[in-house]
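Since the structure comes first, as structure tokens, the remarks are kept for the end.
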Amino acid sequence: MTSHQPAPVAEVGTGRFRQAMGRFLTGVAVVTSAGPHGPHGTTVSSLASVSLDPPMLLVCLSRHSYGAEVIRAAGTFTVNVLGRDQSELAGWFATPGRPRGAAGFAGVAHRTGSTGAPVLAGAVSHLDCRVAQRVPAGDHTIFIGEVAEVGLADSADPLAYHQGQFLHLP
């Protein structure tokens with residue numbers, strides 16, 4: 001019989017915390033919104049279901065990010081769950097300094113969802129939301145959205161993220 005000993009405990013720092021959380025396998029989504037200066041999108045892995053009745057979810061964005069500003073102004077956002085072949089799109093929307101507004105969506109196939117936020121073509125699902133609540137948490141804002149529209153693609157093969165790498169699950 002094998003006994004599992006706990007790993008040595010180290011102090012919590014931002015780097016060590018990031019490493020520990022990087023070991024958690026997540027899906028990848030692009031959160032989009034349409035603000036006063038045009039559409040915006042940002043890649044996230046901090047996403048969770050909150051409630052089935054009413055349908056609600058949450059996303060976490062850096063409190064001072066442009067994406068958080070756009071969502072605060074618009075009051076709406078869409079979560080686009082990316083498919084296994086969309087790692088380039090995930091990388092694009094994670095790139096700091098990319099063009100803002102319509103220029104940031106040039107060459108990105110999308111349509112406008114029911115709340116006005118962009119819905120990305122090829123996503124395995126999308127959830128169009130109205131902000132129900134904003135919660136400050138450390139250096140992030142948690143946006144809780146009530147889902148107004150759900151779209152499901154025929155393919156459900158998601159893109160995954162683990163230890164700083166995109167993974168294509170079999």
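No lab work stands behind these numbers, since they all come straight from the coordinates. Here the structure is a predicted model, which is why all the values come from computation and not from measurement. Note that each Cβ is placed from the backbone with ideal geometry, even for glycine, and that neighbours are counted across all protein chains shown.
List of remarks:
- Student exercise, the chain dipole from Lys, Arg, Asp, Glu Cβ charges, in Debye to nearest 20: 440
- In this simple spin-label model, placing a label point 7 Å from the Cα along the Cα-to-Cβ direction at both Leu167 and Tyr66 gives a separation of 3.2 nm.
- Cα-based radius of gyration of the range 128-170 once divided by 2.2 N^0.38 Å, which approximates compact folds: 1.64
- Candidates Ala156, Ala117, Ala90, ranked by Gaussian network fluctuation over the chain, Cα under 10 Å, top entry: Ala156
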